[in-house]
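In what follows, a structure is listed as structure tokens, so that the remarks can point back to it.
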Amino acid sequence: MSARRTATLREPAHSPAVTRRLLRRLEAQHPSAFTELIYRNPYELLAATMLSAQCTDERVNQVTPRLFARYPTPAALAAATPEALEPQIQPTGFYRAKSRSLVGMARALVEHHNGEVPPDLDALVQLPGVGRKTANVVLGHALGVPGLPVDRHVLRVANRLGIASSADPVVVERQLGAALPKARWVVASDTLILHGRRICKPRPLCDRCRARSQCRYITDGGGISPARGGSRTQRQAGRKRAR
């Protein structure tokens, strides 16, 4: 087994009980955590999530009202061409690839699912342009099926905290899912995403984090830097608390 594969299979630093406790602290810090994409049904959330790749939710929300007014159903979108769609979604970036994926997704829904978004992970990831993260977003938020989306924010925060230990989103999804009851999967993902956007950024604001007392990132030598308003004394105190 390669060193890379071995690293991927490493167990999280924290036990499931600690993982649940840390997530409760973050949920209390972000009580309104939920997807920031605006949608009215599973089809709209699926399309919006596809558009959100490499784009902010805010920008997507500026584009989708006109898009869904013109294509209110998968059947309407399936009748479009990628070329006709491109100018409407251009602000979201990568619009040529996204146009092809959106039209392909809609046509697959019409041809194989009677124009409905299937409440099944395996079926969703068979749709053009739909990956596991997108499928889990739609399942958990629009279809009432437990899903644990893992994006770059979840990867970063979960690994820093020590509640996951892998750069592979599927492995992190499995590790978090094993530590949490299914009923908490959606809120856990939304909370980690929001925490990653607001607090645990690439240059984190550790002094604002309610989980810092048991954060592996601080224990291992990261934490509040002078450039972010923390002194060396504060960093040392943070490490003591983490121990």
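Can you name the condition, by its number, that T49 falls short on among (1) in contact (Cβ under 8 Å) with a residue 60 or more places away in the chain; (2) in the same structural domain as T219 (by TED's automatic domain parsing)?
(2)
For V172, all conditions in the list (1) in contact (Cβ under 8 Å) with a residue 24 or more places away in the chain; (2) assigned by TED's automatic domain parsing to the domain that holds S213; (3) buried (at least 20 other Cβ atoms within 10 Å of the Cβ) hold save one; what is the number of the exception?
(1)
Answer yes or no: is there a residue in the stretch 28-35 that is farther than 30 Å from D168 by Cβ and in contact (Cβ under 8 Å) with a residue 24 or more places away in the chain.
no
Based on this model, can you work out whether V187 counts as closer than 17 Å to E27 by Cα, modelled with pLDDT of 95 or more and crowded, with 23+ Cβ neighbours inside 10 Å?
Values: closer than 17 Å to E27 by Cα: yes; modelled with pLDDT of 95 or more: yes; crowded, with 23+ Cβ neighbours inside 10 Å: no.
The answer is no for V187.
If A164 satisfies every condition in (1) more than 30 Å from V103 (Cβ to Cβ); (2) in contact with a Gly (Cβ under 9 Å, 6 or more places away or on another chain); (3) not in a helix (DSSP H, G or I) but one, which is the exception?
(2)
Confirm whether A179 is modelled with pLDDT of 95 or more, surrounded by 24 or more Cβ atoms within 10 Å (Cβ to Cβ) and closer than 30 Å to A123 by Cα.
Working: modelled with pLDDT of 95 or more: yes; surrounded by 24 or more Cβ atoms within 10 Å (Cβ to Cβ): no; closer than 30 Å to A123 by Cα: yes.
The answer is no for A179.
Would a scan of the stretch 108-128 turn up a residue that is among the hydrophobic types (A, V, I, L, M, F, W, C), surrounded by fewer than 17 Cβ atoms within 10 Å (Cβ to Cβ), outside any helix (DSSP H, G or I) and over 21 Å from the mean Cα position of the chain (by Cα)?
The answer is no; no qualifying residue exists.
With respect to E11, determine if the residue is part of a loop (DSSP other than H, G, I, E, B) and either among the hydroxyl-bearing types (S, T, Y) or surrounded by fewer than 18 Cβ atoms within 10 Å (Cβ to Cβ) (or both). Full working, then the answer.
On the way: part of a loop (DSSP other than H, G, I, E, B): yes; either among the hydroxyl-bearing types (S, T, Y) or surrounded by fewer than 18 Cβ atoms within 10 Å (Cβ to Cβ) (or both): yes.
So E11 fits the description; yes.
Run down L205, L155 and say which single residue is within 15 Å of the chain's Cα centre (by Cα) and at pLDDT 95 or above.
Values: L205 fails: within 15 Å of the chain's Cα centre (by Cα).
It is L155.
Within the stretch 68-106, count every residue that is surrounded by 14 or more Cβ atoms within 10 Å (Cβ to Cβ) and charged (D, E, K, R).
Total meeting the criteria: 3.
Kindly indicate whether A75 is closer than 22 Å to V125 by Cα, in the same structural domain as A108 (by TED's automatic domain parsing), touching a residue at least 12 places away in the same chain (Cβ under 8 Å) and under 23 Å from the mean Cα position of the chain (by Cα).
Working: closer than 22 Å to V125 by Cα: yes; in the same structural domain as A108 (by TED's automatic domain parsing): yes; touching a residue at least 12 places away in the same chain (Cβ under 8 Å): yes; under 23 Å from the mean Cα position of the chain (by Cα): no.
So A75 fails the test.
Taking the stated definitions as given, is A142 buried (at least 21 other Cβ atoms within 10 Å of the Cβ), touching a residue at least 12 places away in the same chain (Cβ under 8 Å) and closer than 21 Å to R212 by Cβ?
Values: buried (at least 21 other Cβ atoms within 10 Å of the Cβ): yes; touching a residue at least 12 places away in the same chain (Cβ under 8 Å): yes; closer than 21 Å to R212 by Cβ: no.
The answer is no for A142.
Among the numbered criteria (1) surrounded by fewer than 20 Cβ atoms within 10 Å (Cβ to Cβ); (2) among the hydrophobic types (A, V, I, L, M, F, W, C); (3) touching a Cys at 6+ places or on another chain (Cβ under 8 Å), which one does V157 miss?
(1)
The values are calculated or read from the model by the stated rules, or taken from the named source; none is laboratory data. Because the structure is predicted, anything quoted here is derived from the model rather than measured. Every residue, glycine as well, gets a Cβ built from its backbone with ideal geometry; the counts of neighbours run over all protein chains shown.
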